Each structure stands twice: as structure tokens, then as C-alpha cells.
Amino acid sequence: MQTTRSKATQKQNILRTSLIVLSACLVGALSLAAPALAASKGQQAPEVDGRDKNTYTEEEVINAGKEFLGGTAQGLANVVHKIFAEFGEPNAYIRGEEAGGAIGVGLMYGDGLLVMKNGTSQKVYWQGPSAGWDFGGNAAKVFTLVYDLPTTQAIYQRFPGVEGSAYFVGGLGVTYQRRGDVVLAPIRAGVGFRLGANVGYSKYTAEREWLPF
């Protein structure tokens, strides 16, 4: 009887010792895993080399602009550098074309493709009144840098022109438009573009609208 009790006690001691050892192993494993988990979370941060990976670099924008604008891209690097100095890195751009005309007050219509850094894209149209055009017609390629656009759908609204923002650099015309936190910087190259083009506002839509207001 005593031998049976002794064996039971021995088994309990072994079990107790095993539980203590297992607990110590679990604590050690968790302490080793914590830094790895922290490092893993750090790797998921939206930054690469100190910059937001969801925005375009200056080099990426210049290359995309040159590819789209072709031979009319003289001075593009200077234009992009000036815009980057004021607003930083965009998270989208629009490449498209526009045409318009004026008899006193101008009208402008355009269409293109909105391309976001996260890989999404969307067809977009724009139309609106403008001031400062000469009498006659106008046709231009437009490469627009887009800042702080949360989704592709957020482009579909009116963007007033920023007064006094229009300028010429290296044969290109540039203006700024803003609605809330979203800023657009259209870069125009083409026959007959004028400094006053797009000083009014642009209405961006998912389908063509012939009424510009």
C-alpha cells in the first residue's frame, strides 16, 4: 500500500516538474517572438527609405510625363521639380487631351485616364469655362499631377482654379486647382494653349457632359 502511494506521489512530482518546465519554455518562446512581431509590423508600414510607397517619385513622374507628352516635353523636368518643391509627391496622375475655343469666354472639354500609385485606374472627363483665351480653337495634351486623392471616385467634382497660379516653364503651361485637401496640377503642351486656360474651374465626371457648368 505504501509502495502504491509512493509511486502515485512520484508521478505527481514528475507531472508538476513537467508543467513547470513547459511554462518556462512558453515564456521564453513568447519573449523571443515579441521582437520578431514588432519587426514584422514595422515592415508593413507604408514607407520605403523614409517615403510613402503609395506616392510617385519625381523620377517616376518625369518618365511617365515624357513618355506621354513625347517631343513636346521640353522643360518637363523643370516643371515637375517646381511642382514637387511646392506639394511633394503625388499619389495619382491623369494623362489625357483637351480641346476648346473662345469667343470672349472660353469653353474647354477633355478626357483621359486617372492612374493611382496603388494600381487602380479610372476613365475621367472634364469640362468647364475658362478666361483669357484668344479667339479661335485650342488643342493640348494634358498631364495632371494629383495630390491627396483618397479614391478614384473622389476626382468626380468641381475643382476651382487657384488664382495667380498659372505660369509658363520651358514651353509648357501649368495651373493649380484645389478642392479641399485635393490639389491638381495640370501640365499642358499643345497648339494654342494660353495662360488663361482653366483659370475658372474644371468639372470632372465619369461620363461626358456637354454642359460645362
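Within the shell of other residues whose beta carbon sits under 14 angstrom from the beta carbon of Ala77, the net charge comes to -2, with Lys and Arg scored +1 and Asp and Glu -1.
Grab the beta carbon distance between Arg179 and Thr57, set R0 = 25 Å, and tell me the FRET efficiency rounded to 0.05.
Values: r = 25 Å, r/R0 = 0.99.
Efficiency computed from Cβ-Cβ geometry: 0.50.
Exposure proxy for Phe68, Phe159: other Cβ atoms within 10 Å of each Cβ, ordered fewest to most, give Phe68, Phe159.
Summing +1 for each Lys or Arg and -1 for each Asp or Glu among the other residues whose beta-carbon sits under 9 angstrom from that of Phe159 gives +4.
All of the numbers you see were taken from the coordinates with simple rules; none came from a lab. As the structure is a computational prediction, the values presented were derived from the model and not from experiment. Here Cβ is always computed from backbone atoms with ideal geometry, including for glycine, and neighbour counts include all displayed protein chains.
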